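One structure is given here, and the rest of the page talks about it.
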Amino acid sequence: MRTEMITAGVLAVLFVFVACHEQDHEHVSMPGGEISPGSIYDLDLMFTNRRAESVPLNQLAGGPLIFSMIYTRCTSVCPTQAGNMLRIQNALAPEDREKVRFVLMSFDPDDSSADLAEFGSKLGLKENWRLLGGDPDMVRQLAAALGFQYRKNPGGEWSHSAAIYLFDAKGAVRYRSEGLQGKPDEFAKHLKHL
């Protein structure tokens, strides 16, 4: 049993390091950094949603939030993270599911509102999911506050962290899952305390 768990762990790590490849290029996943204390809603940031509407970050306040950063041209890690968030949503009790907001934020400045809409459509993300992007400096500020790292590689690919965050209603990080497991049961457990 222990050997199987170690093997699964090694395979998961290898998958993260080889993920998000397109064409003949590969990129390496980046570890997450330190999370800034306090509320993300203290940041005066504005983003754009998949309908090309402006959305101030603090508009997301008021309830628990499950959040991850992606880019729409990613072919493995980002769709996997969105799928993990869907698994988290499905693992929640119906009363918890109603109060939680789900947000995917693109860090790729080339991702348009149309790209976000197409990404959401391909994955079957309903309108209760917020897909956001926008000004690269504002996205970078939010990523820095979350310890989420990303950089564009010479071949045009992105290396980035793989993390899903749970925020409380006031915008403080209450849980962060790194890697590609998603951990729906852990998110459900932490949500019970909010």
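Within the shell of other residues whose beta carbon sits under 14 angstrom from the beta carbon of Gly83, the net charge comes to +3, with Lys and Arg scored +1 and Asp and Glu -1. In summary, the range 78-194 shows an alpha-carbon radius of gyration equal to 1.07 times the 2.2 N^0.38 Å reference for compact globular proteins. Amide H contacts of Ile70: Met105, Ser106, Phe107, each under 5 Å away and 5 or more positions distant or on a separate chain (H built 1.01 Å from N in the peptide plane; Pro and chain starts excluded). So what's the net charge close to Asp110: Lys and Arg +1, Asp and Glu -1, counting the other residues with Cβ under 10 Å from its Cβ? In short, -1.
For each pair in Lys99/Lys183; Lys152/Lys189; Lys170/Lys192, compute the distance between the two Cα atoms and list the pairs where it is over 27 Å. Cα-Cα > 27 Å for Lys152/Lys189; rest within. The local environment of Gly134, defined by Cβ-Cβ distances under 15 Å, has a net charge of -4 under the rule Lys, Arg +1 and Asp, Glu -1.
Cβ crowding within 10 Å, taken as a proxy for footprinting-reagent exposure, orders Phe47, Phe148 from fewest neighbours to most as Phe47, Phe148.
Read-outs throughout are calculated quantities, based only on the coordinates presented, and are distinct from any laboratory measurement. The structure presented is a predicted model; accordingly, all values stated were derived computationally and were not measured. Note that each Cβ is placed from the backbone with ideal geometry, even for glycine, and that neighbours are counted across all protein chains shown.
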